[in-house]
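Single-structure report; data block below.
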Amino acid sequence: MFGKLTDSFLLNFVKEERWKYITDGLIITLEVTFFAVIVGIFLGFLVAMVRSTYDKTGKLKVLNALCNLYLTVIRGTPVVVQLLITYFVIFGSVNIDKVLVAVIAFGINSGAYVAEIIRSGIMSVDNGQFEAGRSLGFSYFKTMLYIILPQALKNVLPALANEFIVLLKETSVAGYIALQDLTKAGDIIRSRTYDAFMPLIVVALIYLLMVMLFNYFVKQLERRLRNSEH
Amino acid sequence: MSIDMERKPLIEVVDLTKKFHKLTALDSISINIYEGDVVFVVGPSGSGKSTFLRCLNRLEESTGGNILFEGINITDEKCDIDKHRQKMGMVFQQFNLFPHMTIMKNLTIGPIKLQNKSKEEAEAEAMRLLERVGLADRAQAYPSQLSGGQKQRIAIVRALCMKPDVMLFDEPTSALDPEMVGEVLAVMRDLAEDKMTMVVVTHEMGFAKEVANRVIFMADGKIVEENEPKAFFDHPQTERLQSFLSKVL
């Protein structure tokens, strides 16, 4: 039994330096996730600010309608379809790096979910906080920045962390545009060695390990923020 | 009415009106508030007294009339209301301290971010005021670690740190346990003796009688009666006020 596993391991990862598929794929997965998270946070913040400004003051009506359209379309269609459209339709006629395509597609997708998470955080902060900020003389924007957002983000940290875990795992469909991410790497090895168990289980374990590591850091962060629990 | 003609009004309210859809919360209110005035606003719930107070610094937008603060029409769309709000301290019923900041941060964030004070300068001033209300030892605590009375005293200090020209109090003791009301009233009394201009919406009639120099009775969005406190409570003129006082005293 143990000997068989060792043989399988050697065949799938050591022979012909197949482990390189895994490491190269892992780098792609991390790259895409990291930059998509940044795009997602940026977009999400922007949309959440527009939407909650509209909710609170009634201003930014047109922008709010645009944001609503964005949320409806992105949350109403599968991420794989969005990825394919981004690659074959939007960038169909230009030669563009697939990693960049994936970052854009996953970033725009994640932005919609991040926006709703942050907006729910903003709405969860008592309106008295807002009035206290304004009464001291802070502008709407500065009240958001110094008083509302720090509290909102603390409240939604678990939900945001969850969104990034989902995003990390969702990038596994990048193979649809022939991007060789971690999942695709495992699949390539499988097609070379006709052994499904070893490469796919290892790929699954690597995802699991990354998520557990990420969760650990989030827990640490939450504990530090809890100092000011109210 | 005890209006001193020689003083210039600090706040001049002219025909202030506030309508929520069909409901008229404030019906053409006019009043002058002078420097050093301690004006108490009393009245039944729903009479518009809180709305009146909140309109003074435009937390609530009026739908008609003007408010002149230090000679400037702050109901004008073009005026920079944030600048004028710095000069109008406000204390809320629910304290509204910032829970994610220490007491010291609560007190200094305004002066540092809005008035370009150095951290040292702002903290020294905050410490001086904390000592005055007897809470210097709580500077590094978070709001959640304080009692209601302590929170409200901090909220008053937070407003004072901006060096306001007038303090607005919106039922400052209504959310407090009875045994904590006294400590907050003591701070307010201290402020009044210090000649701070104050507008106070409250249900504390005894306190109003003792500290105010003018008491206003509001009902149905109008100022029904105004007088100096002794006459206001001992010899109410209108039937509305007589019946109100007979219920609350």
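The values are calculated or read from the model by the stated rules, or taken from the named source; none is laboratory data. Only a predicted model underlies this, so the values are computations on that prediction, with no experimental measurement involved. Neighbour counts run over all protein chains shown; Cβ positions are idealised from the backbone, glycine included. Surface accessibility is based on the protein's heavy atoms, side chains included, excluding ligands, DNA and RNA. Shrake-Rupley method; radii C 1.70, N 1.55, O 1.52, S 1.80 Å.
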I'd like the FRET efficiency for residue A:197 and residue A:93, computed as 1/(1 + (r/R0)^6) with the beta carbon distance as r and R0 of 30 Å, rounded to 0.05. 0.15
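Can you put B:20, A:91 in order of accessible area, largest first, using a 1.4 Å probe? If you can, show how the numbers build up before the last one.
Details: B:20 80, A:91 50 Å².
The residues order as B:20, A:91, largest area first.
So if I take the alpha carbon set of the range B:112-249, get Rg, then get Rh from the Kirkwood formula, what is the Rg over Rh ratio?
On the way: Rg = 17.5 Å, Rh = 16.8 Å.
Rg divided by Rh gives 1.04.
Just reorder B:27, A:195, B:194, B:37 by solvent-accessible area, largest first, 1.4 Å probe, all chains present. Kindly include the intermediate steps, with their values, before the conclusion.
Numbers: B:27 60, A:195 35, B:194 95, B:37 0 Å².
Listed by decreasing accessible area, they come as B:194, B:27, A:195, B:37.
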At 1.4 Å probe size, what's the solvent-accessible area of residue B:235? Round to the nearest 10 Å². 120
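If one computes P(r) from the Cα atoms of the range A:149-212, what percent of pairs lie at distances over 17 Å? Intermediate results must be reported in sequence, preceding the final value.
Working: 1053 of 2016 pairs.
In whole percent, the long-distance tail amounts to 52.
Looking at the protein assembly as shown, what % of its DSSP beta bridges pair antiparallel, to the nearest 5?
Working: 20 of 37 bridges.
Just about 55 percent of them are antiparallel.
What is the extension gain from residue B:23 to residue B:118, computed as 0.36 nm multiplied by their sequence separation minus the C-alpha to C-alpha distance, in nm to one decimal?
Values: separation 95, 0.36 × 95 = 34.20 nm, distance 4.67 nm.
This chain segment gains 29.5 nm when fully extended.
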Dipole of the protein assembly as shown, positive end: most advanced residue of A:144, B:68, A:193 [Cβ charges, Cα centre]: A:193
Amide H neighbours of residue B:169 at under 5 Å, excluding residues fewer than 5 places away on the same chain, with H built from the backbone geometry, are B:91, B:199, B:200, B:201
I want to verify a result. In a Gaussian network model of chain A, Cα cutoff 10 Å, which of these has the top mean-square fluctuation: A:192, A:119, A:75? A:192
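Run lengths n ≥ 4 of DSSP H only: what is the helix-derived mean residue ellipticity at 222 nm for the protein assembly as shown, with -39500 (n - 2.57) per run over all residues, to the nearest 500?
Details: 19 runs with 264 residues, N = 479.
Value at 222 nm, helices only: -17500 deg cm²/dmol.
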Once amide hydrogens are built 1.01 Å from N within the peptide plane, the residues lying 5 or more places from residue B:64 or on another chain with amide H under 5 Å from its amide H are B:17
Whole Å is fine, so just give me how far the alpha carbon centre of the range B:117-150 lies from that of the range B:170-249. 28
Once the mean 1/r over all distinct Cα pairs of the range B:1-155 is inverted, what Kirkwood radius in angstroms do you read off? 17.8
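What Kirkwood radius, in Å to one decimal, follows from the Cα pairs of the protein assembly as shown? Working shown, then result.
Details: mean 1/r = 0.0376 Å⁻¹.
Hydrodynamic radius (Kirkwood, Cα only) of the protein assembly as shown equals 26.6 Å.
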A correct Karplus calculation of ³J(HN,Hα) over the range B:137-152, with 6.51 cos²θ - 1.76 cosθ + 1.60, θ = phi - 60°, whole Hz and x for Gly and Pro, returns 6, 9, 3, 9, 6, 9, x, 5, 8, 10, 6, x, x, 5, 4, 5
How many nm separate the modelled label positions at residue B:228 and residue B:209, each set 7 Å beyond the Cα in the direction of the Cβ? 1.7
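May I ask you to list the trypsin sites (Lys or Arg not before Pro) in the range B:1-98 that are in a DSSP loop and have at most 15 other Cβ atoms within 10 Å of their Cβ?
On the way: sites: B:7, B:18, B:19, B:22, B:49, B:54, B:58, B:78, B:83, B:85, B:87; in loops: B:7, B:22, B:58, B:78, B:87.
Taking the range B:1-98 and a limit of 15 other Cβ atoms within 10 Å, the loop trypsin sites (Lys or Arg not before Pro) found are B:7, B:22, B:78.
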Take the Cβ-Cβ distance between residue B:220 and residue A:73 as r, set R0 to 51 Å, and report the resulting FRET efficiency rounded to the nearest 0.05. 0.50
Unit-weight point scatterers at every alpha-carbon of chain A, Debye formula, q = 0.08 1/Å: log10 I(q)/I(0) is -0.40
For the residue pair residue B:248 and residue A:222, what label-to-label distance in nm results when each label sits 7 Å from Cα along the Cα-to-beta-carbon direction? 4.7
Output wanted: per-residue J couplings in Hz (rounded whole) for the range B:67-84, from phi through Karplus 6.51 cos²θ - 1.76 cosθ + 1.60, θ = phi - 60°, x for Gly and Pro. 10, 9, 10, 6, x, 10, 6, 7, 7, 5, 3, 7, 6, 7, 4, 4, 5, 6
Two-site label geometry, residue A:24 and residue B:66: point separation in nm, points 7 Å out along Cα→Cβ: 7.6
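What's the FRET efficiency of residue B:195 with residue A:65 using the Cβ-Cβ distance as r and R₀ = 51 Å, to the nearest 0.05? Intermediate results must be reported in sequence, preceding the final value.
Details: r = 52 Å, r/R0 = 1.03.
FRET efficiency, residue B:195 to residue A:65: 0.45.
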Per residue of the range A:196-212, what does 6.51 cos²θ - 1.76 cosθ + 1.60 with θ = phi - 60° give for ³J(HN,Hα)? Whole Hz please, x for Gly and Pro, Karplus curve as stated. 8, 4, 4, x, 6, 5, 5, 4, 4, 5, 5, 4, 4, 4, 5, 5, 5
